Structure formats: structure tokens, C-alpha cells
Amino acid sequence: MTGSNEFKLNQPPEDGISSVKFSPNTSQFLLVSSWDTSVRLYDVPANSMRLKYQHTGAVLDCAFYDPTHAWSGGLDHQLKMHDLNTDQENLVGTHDAPIRCVEYCPEVNVMVTGSWDQTVKLWDPRTPCNAGTFSQPEKVYTLSVSGDRLIVGTAGRRVLVWDLRNMGYVQQRRESSLKYQTRCIRAFPNKQGYVLSSIEGRVAVEYLDPSPEVQKKKYAFKCHRLKENNIEQIYPVNAISFHNIHNTFATGGSDGFVNIWDPFNKKRLCQFHRYPTSIASLAFSNDGTTLAIASSYMYEMDDTEHPEDGIFIRQVTDAETKPKNTLGQNNGSVHLQASDVEGALWPGSLLVHPDCWRYHGEAQPPGCD
């Protein structure tokens, strides 16, 4: 089901989609990494694949350094840089275990990788070469750059805030305010905080300023839950992407839904139609006009028959993404109820098994940490 404001990309990956990222300066180009060992570059308006390059194992993340260079890493432990103009690649370096996260920090001009080897590494993209290795307390599951700061989410529900200009010590050590395993962290474009999601249908809005008056503003809420046959099915929230202009954000869950949230007024602005399977990754374009949606089964219920993986491109409007002054008017947005904020797991709820071994390097789905 797609409308006039949405279409599906041709030539999608042949296995699970791990990450989608738009070019930093245009909504024309989209980078996609996959479990089929490929990284693909799409020309979005033309609906065509421009280029494809390979790793020797599943690719877990990818990122643009600039409009003409892609970086990627995955199960082969290798970090690659690929020139998208010349189709030439460079093996930049390695980790001792699979690379889970790849991000670029423009403020400090470094690439950042996070791995299941319990380290974060910085890379100088000009040489390119390793610019430092920094131990983390557990496997790195997710990370996000916020100005010159780096927010790292690891196993054990730990969150670490680093200063990328001075990595000699950890700026802040936190524990996730959510009771279950962290799935995704993304920083606010305004650099004031971050949003964290868990495997248990819940999202936390956190602030970086440690002062008590600012910390009072943090909250968490339930989402991506469906009531079926009087039982509440609770789904992992796999993906978060911020709108760079409005500081609103989209979440994608294993329920196949994408929601847009206004974190300032604690409201859901809209929900799109249900996609064929789990939402594995989301990316707003830099100008906020386009949202890339990876609908890709994440093996929550093990190896069973599932819809084919696909990438949907949706044109979004201010009506869907801009915070609204709702005083005295009903504009279709949904306020979070008291029961949705900071509630516990409901009796009679079923937690759809979320700890996909693919994404946490386990031989089989373990229990929640």
C-alpha cells in the first residue's frame, strides 16, 4: 500500500536491511547497507541503484563522510571507505569483532565506529587512519554524535557521553532509564539531549545537561504496542530519526508502524500506514522533506516465512513533522496519556521476542540484559 507521496525503491537488497542514510547535502542520494554483504547507493528521484560494493560479511552500518565518500563496517570486522565517483575502495582498518555502528562527526572531522569488541574507534578521514581506540564497558549496540559529543549505548543498559575533542575520560556515565535492553540512540539536532529506545515498546527523552532542573524535564513513554485478542503485543523500537529543522523525530518498530513525535509537547503528530514487516532503519533527509523507511524482517520470531524486504521513500510535510500550538484546537495529533508515560509492563502483556541475535552477536536469541 503506497500513496502518491510514497514509492518503493527498485533493486532492494537481497537480505535484511541494516541501515539507510541520506547524503549530507541532498535528498537525491541514499546509502543502504545490508546482510547480503552489500552497500548500495541509490538515486532516489530516478528510483535507480547507482552503485554497489561488497564486504566479505553482512554489513551492519554505513555513513557518508562527504557527498562522494561512503564508510561501512560489519561482520567481517573491516572498516571500508568507498569513493562513490571512482568506485574505488580503501580498507581503512579493523576491529577485533563485528562493527555495529559507523557515524561521521563534522564538528571534529572524525569518523566514529562502535563494535562488539567493546571499543569505540576514531578515524581521521583525510589520511585515512586510526586516530584512537577507547574501551567501553560492554558491546556497543548504538551510538550518536551530538556536536562534539558522542553518546554510546552498550549492552547492560549503559549510556556513556564522551567529548570527541578530549577522549581521555568519560564525560558522563549513565544507566538507561528504561528497564530493558537499549536498541537505538539518536541525538537531538539542537544538541541538548537524545532519544533512546528499547526492545520493550518504550522511548525515553533525555537531556545532556546534568543539572537537576534540566533533568526534571526527562520522561519516557510507551509506543509500538498493539492489542490483539485482548493481549497487548509489545514490540521493539528499532529505529529513530530526527527532523533536522523541527527537532521532532520518527520511530519505527517491529510492529511495522512509523510514528512521528513532538517531544516538546509530548504528542504523537501522526502515524503512517502499516508496512509489510519490521521497521529496521529510518532516515530523514537533511532538509526534512523526505523519509527513507526500511521495512525488513529482523528475525524477532526466528527464521520463519516473512514479507520481502523493501525501502520506501516518503515525502513528508510540515503538517506531519512540525510541532503545533494546540491551544483550543484539535489538529489530529494525539497527546500522550498519563498511563503511557513511565508506566510498567502491563499484566497480560506479551513481549514479542526482540533480542535478535543478528544484531547482538549471539549464537541464538538470549534473554534480555
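Among DSSP beta bridges lying fully in the chain, give the percent that are antiparallel, nearest 5.
On the way: 114 of 117 bridges.
The answer is about 95 percent antiparallel.
Size of the chain from its Cα atoms: along the principal axes, largest to smallest, the extents are 56, 47, 41 Å. When Tyr169, Tyr104 are compared by accessible area of protein heavy atoms, the largest-first order is Tyr169, Tyr104, using a 1.4 Å probe.
The tail of the calculated P(r) for segment 1-75 beyond 18 Å holds 36 percent of all Cα-Cα pairs. Take the Cβ atoms of Arg50 and His273, set R0 to 22 Å, and the FRET efficiency comes out at 0.20. Dividing the helix sum by the residues of the chain, where each DSSP H run of 4 or more adds -39500 (n - 2.57), gives a mean residue ellipticity at 222 nm of -500 deg cm²/dmol.
The simple spin-label model puts a point 7 Å past each Cα toward its Cβ; for Lys218 and Ser4 those points are separated by 4.6 nm. Segment 149-184 and segment 194-225 have their alpha-carbon centroids 14 Å apart. With a 1.4 Å probe rolled over the protein heavy atoms of all chains, the accessible area of Arg165, Arg149, Arg202 falls in the order Arg165, Arg149, Arg202, largest first. Relative to one another, the C-alpha centroids of segment 241-291 and segment 22-75 are positioned 21 Å apart.
Provide the FRET efficiency to the nearest 0.05 for the Asp303-Glu175 pair, computing r from the beta carbons and using R0 = 41 Å.
Values: r = 33 Å, r/R0 = 0.81.
Efficiency computed from Cβ-Cβ geometry: 0.80.
For the residues Phe264, Phe242, Phe188, a GNM of the chain with alpha-carbon springs under 10 Å puts the largest fluctuation on Phe264.
In the assembled protein chains, His82 presents an accessible area of approximately 0 Å² (probe radius 1.4 Å). Each residue of segment 49-57 was assigned a 3J(HN,Hα) from its phi angle through the Karplus expression (A = 6.51, B = -1.76, C = 1.60, θ = phi - 60°), giving 8, 7, 7, 9, 9, 10, 10, 8, x Hz with x at Gly and Pro. The charge dipole of segment 86-141, taken about its Cα centre with unit charges on the Cβ of Lys, Arg, Asp and Glu (plus for the first two, minus for the last two), comes to roughly 100 debye.
The ellipsoid that matches the Cα gyration tensor of segment 42-127 has semi-axes, each √(5λ) in whole angstrom, of 21, 15, 11, with the longest given first.
The convex hull of the Cα atoms of segment 169-285, projected and averaged over all directions, covers 8.5 nm².
For the chain, the solvent-accessible area of protein heavy atoms averages 40 Å² per residue (probe radius 1.4 Å; ligands and nucleic acids excluded).
If one computes P(r) from the Cα atoms of segment 214-274, what percent of pairs lie at distances over 12 Å? Walk me through the intermediate numbers first.
Values: 1297 of 1830 pairs.
More than 12 Å apart: 71 percent of the Cα pairs in segment 214-274.
When the solvent-accessible area of segment 1-132 is split by element, carbon and sulfur atoms take up 45 percent of it, the probe being 1.4 Å. Built from the Cα atoms of segment 59-212, the convex hull projects on average onto 9.1 nm², one quarter of its surface area.
Of the residues Lys139, Lys80, Lys217, ranked by 1.4 Å probe accessible area with the largest first, the sequence reads Lys217, Lys139, Lys80.
The values are calculated or read from the model by the stated rules, or taken from the named source; none is laboratory data. All values derive from a computational prediction rather than experimental measurement. All Cβ positions, glycine included, derive from the backbone under ideal geometry; neighbour counts span all protein chains shown. Ligands, DNA and RNA are stripped out before the accessible areas are found, and what is left, the full protein with its side chains, is counted by its heavy atoms. Shrake-Rupley method; radii C 1.70, N 1.55, O 1.52, S 1.80 Å.
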